[in-house]
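The values are calculated or read from the model by the stated rules, or taken from the named source; none is laboratory data. Model, not experiment: these values are computed from the prediction. Cβ coordinates were reconstructed from backbone atoms using ideal geometry, including for glycine residues, and neighbour counts include every protein chain displayed.
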Amino acid sequence: MKTVLITGANKSIGFETAKQLLQQGYYVFLGCRDIKKGEQAINQLKSAGLTEVELIEIDVDNIESIKAAGELLGQKTKVLDVLINNAGISGSMQNALETDISVFKQVFETNFFGVITVTQTFINLLRQSPEPRIVNVTSGLGSLALHNDPTWKYYSVKPAGYVSSKAALNAYTIVLANNLQGTPFKVNAVDPGYTATDFNHHSGPGTVPDAAARVVKAATLGADGPTGYFFSDDNAPETGISPW
């Protein structure tokens, strides 16, 4: 049975991703910073007959929490097959000139630095897998090429902190995939699409099951699958590959 750790998995896309992977036979470590909410999510999954799941307390903004989660998971399993860096925040509609630097730092702490720390913490467990997968959940708003294209449908949507953090995450994904070339790792960024969740006040046209399916697809790539890609059905419906 393959194992997967998903951060920010107590609700929305993270929760649905856990559900879909459980249905595919994975053992899920459901990462959540709020134990009570995590336990509620676990109970919901188990009540649906999806029992191969347990809670891992992890706050991606807190280095000590991440280290503790790493030690705990190391006691529970010797192999981690998939890491899904799903936890993220949007902040508010930030203006590049007027937004206080503290807002930028807060968004980067979760969306960028948290991903790096989590990845570095769990990399040794991932190395024990014959087919390790790392999925960084990004956003179409992280594409610099599209943000420079006035014809793009989301051209006017430019929250400075969020865009910058996801562009940085995309860059990290490219570098990480390159650093792991020649190994069985597959490292990719996935845009789940503009989805109706708490994250955006339920304003998106996409559904949570469809968004999670995109993440699951990257998490379950076979040995011949690509690495170092930016998947986005929303921005590139014909190819599924977004420009960086």
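Of all residues in the range 76-126 being in contact (Cβ under 8 Å) with a residue 24 or more places away in the chain and of a type in the set (D, E, K, R), which is nearest to G161 (Cα to Cα)?
E109
Within the range 54-75, how many residues turn out to be touching a residue at least 40 places away in the same chain (Cβ under 8 Å) and either outside any strand (DSSP E or B) or loosely packed, with under 15 Cβ neighbours inside 10 Å (or both)? Working first, answer last.
Within the range 54-75, the first condition is being touching a residue at least 40 places away in the same chain (Cβ under 8 Å), and the residues that meet it are 56, 58, 60-61, 63, 66-67, 69-70, 73-74.
Now drop any that are not either outside any strand (DSSP E or B) or loosely packed, with under 15 Cβ neighbours inside 10 Å (or both), which leaves 58, 60-61, 63, 66-67, 69-70, 73-74.
Of the residues in that region, 10 qualify.
Among the residues of the range 82-139, write down those that are small (G, A, S), surrounded by fewer than 22 Cβ atoms within 10 Å (Cβ to Cβ) and either at negative phi or not in a loop (DSSP other than H, G, I, E, B) (or both).
Going through the range 82-139, the residues small (G, A, S) turn out to be 87-88, 90-92, 96, 102, 114, 129, 139.
Now restrict to residues that are surrounded by fewer than 22 Cβ atoms within 10 Å (Cβ to Cβ): 90-92, 96, 102, 129.
Answer for the range 82-139, where residues must be small (G, A, S), surrounded by fewer than 22 Cβ atoms within 10 Å (Cβ to Cβ) and either at negative phi or not in a loop (DSSP other than H, G, I, E, B) (or both): S90, S92, A96, S102, S129.
Does T99 satisfy the condition of being of a type in the set (S, T, Y) and modelled with pLDDT under 95? Break it down into steps so the answer makes sense when it comes.
Values: of a type in the set (S, T, Y): yes; modelled with pLDDT under 95: yes.
For T99, the condition - of a type in the set (S, T, Y) and modelled with pLDDT under 95 - is met.
Filter the range 219-244 for residues that are over 28 Å from P130 (Cβ atoms) and among the aliphatic types (A, V, I, L, M) and give the result.
A236
Among residues belonging to the range 1-39 that are in a helix (DSSP H, G or I) and of a type in the set (S, T, N, Q), point out the one that is surrounded by the fewest Cβ atoms within 10 Å (Cβ to Cβ).
Q23
Taking only pairs six or more apart or across chains, which ones have beta-carbon atoms under 6 Å, a first residue in the range 1-27 that is farther than 14 Å from I42 by Cβ, and a second residue that is polar (S, T, N, Q) and surrounded by fewer than 24 Cβ atoms within 10 Å (Cβ to Cβ)?
As it stands, the answer is T3/T77; S12/T197, since those pairs meet every condition given.
Kindly list, by first and then second residue, each pair from a residue in the range 212-238 that is over 20 Å from A9 (Cα atoms) and touching a residue at least 60 places away in the same chain (Cβ under 8 Å) to a residue that is of a type in the set (K, R) and crowded, with 17+ Cβ neighbours inside 10 Å, limited to pairs with Cβ atoms under 7 Å and residues at least 6 apart or on different chains.
Hits for this filter: L221/R133; L221/K186.
Report yes if I42 is surrounded by 14 or more Cβ atoms within 10 Å (Cβ to Cβ) and in a strand (DSSP E or B), otherwise no. Working first, answer last.
Values: surrounded by 14 or more Cβ atoms within 10 Å (Cβ to Cβ): yes; in a strand (DSSP E or B): no.
When the stated conditions are applied, I42 does not pass them.
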